[in-house]
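Everything on this sheet refers to the single structure shown next.
The values are calculated or read from the model by the stated rules, or taken from the named source; none is laboratory data. Predicted model only: the values in this text are computed from it and were never measured. All Cβ positions, glycine included, derive from the backbone under ideal geometry; neighbour counts span all protein chains shown.
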Amino acid sequence: MNIQSVTKKSDSAEEAIRINPPQNMNVAEAALYLGLGQRTVRDFVALKRFKVVRFGRRIVIRKADLDAYLERLAS
């Protein structure tokens, strides 16, 4: 496996998240959806910028909560 095939796979995964995002996302998916880094999303979670659900150490973020956060920023 070469670097180009890895890059193409990650680009297509990134495109899929932005075009048809899942209703529930992990931190990595939320970061792709928002166009931010994972560390930034984790910081926002710690600052309670949007609602999350925790299952042990796993963080689940609803798309509706991310969209509501973006709407608050826009207004």
Requested in this report: Would you mind finding the one in L47, L36, L70 that is closer than 20 Å to A16 by Cβ, more than 12 Å from the chain's Cα centre (by Cα) and not small (G, A, S)?
Outcome: L70
Query - Matching option when the condition is at pLDDT below 95 and not aromatic (F, W, Y), among T7, T40 - result: T7
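Per-residue answers, yes or no, for (1) assigned to a helix (DSSP H, G or I); (2) farther than 23 Å from E14 by Cα; (3) hydrophobic (A, V, I, L, M, F, W, C):
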{"position": "A31", "(1), (2), (3)": "yes, no, yes"}
{"position": "R39", "(1), (2), (3)": "yes, no, no"}
{"position": "K48", "(1), (2), (3)": "no, yes, no"}
{"position": "A68", "(1), (2), (3)": "yes, no, yes"}
**Report entry** Pairs with Cβ under 9 Å, 6+ apart, first in segment 46-66 and at positive phi and modelled with pLDDT of 95 or more, second surrounded by 15 or more Cβ atoms within 10 Å (Cβ to Cβ) and part of a strand (DSSP E or B)
**Finding:** none
Query raised in the report: Which of the residues that make up segment 18-75 are basic (K, R) and in contact with an Asp or Glu (Cβ under 8 Å, 6 or more places away or on another chain)?
Result: K51
